[in-house]
1. Given (i) 16.1, 51; (ii) 19.8, 64; (iii) 28.5, 94 as candidate values of Rg and Dmax of the Cα atoms in Å, which corresponds to the one derived from the coordinates?
2. Fewest first, what order do F42, F106 take by the number of other Cβ atoms within 10 Å?
3. Listed highest first by mean packing, meaning other Cβ atoms within 10 Å per residue, what order do 96-104, 64-72 come in?
4. Once you place label points 7 Å from the Cα toward the Cβ at E13 and R78, how far apart are they in nm?
5. Using a simple charge model, +1 on the beta-carbon of Lys and Arg, -1 on the beta-carbon of Asp and Glu, nothing else, what dipole does the chain show about its Cα centre, in debye to the nearest 20?
6. 222 nm [θ] for the chain, helices only, -39500 (n - 2.57) per DSSP H run of 4+, per residue, to 500?
7. Between I3 and E48, what is the label-to-label distance in nm when each label sits 7 Å out along the Cα-to-Cβ direction?
8. Whose amide H sits under 5 Å from the amide H of G70, counting only residues 5 or more places off or on another chain, with H placed in the peptide plane?
Amino acid sequence: MLIQVTPKLGISEADLEESFIAASGPGGQNVNKVATAVQLRFNLLKCETLPGAVKSRMRVLAGRRLSNDGVIVITANRFRTQLQNRADARERLFEIIREAAVAPVFRKPTRPTKASKTRRLEAKSQRSDTKKLRRRGDDF
């Protein structure tokens, strides 16, 4: 089954691997009994639905969450329930994919025109003349 992340991109359900672990944090006495934290593993190298450019940007965005074997590991233990933590982990992965899907726009360097240079220099000289008139002259 394909999960739509963006209108043009989706990932396969088979690429996601979830395991449930004991969580620290909120949960009261229940925290010691139930494994509510979710560890989501997404194998970036084996994913065939994402283009190469998106994968390379994801490597940079994942940072320390990316293991040496190309697996992105996201641990979610923000909430008390397994279901909310599972949704949180998936949403965090989808956010990385959405951010990687946007190609960076590179600035094309331009040069100022001769007229704009002339206008700038004229404005500077006018400002200089104005400041010269404000100076106190030698009246002594």
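Every number here is computed from the coordinates shown, using simple stated rules; none is lab data. Owing to the predicted nature of the structure, the values given are computational and were not obtained by experimental measurement. For neighbour counting, all protein chains shown are included, and Cβ atoms are generated from backbone atoms with ideal geometry for every residue, glycine included.
1. (iii)
2. With the sparsest Cβ surroundings first, the list reads F106, F42.
3. Taking the mean over residues of other Cβ atoms within 10 Å, the ranking is 96-104, 64-72.
4. It is 2.4 nm.
5. 1440 debye
6. On the way: 3 runs with 52 residues, N = 140.
Rounded to the nearest 500, the figure is -12500 deg cm²/dmol.
7. With each label placed 7 Å out from Cα toward Cβ, I get 1.9 nm.
8. Result for G70 returns nothing.
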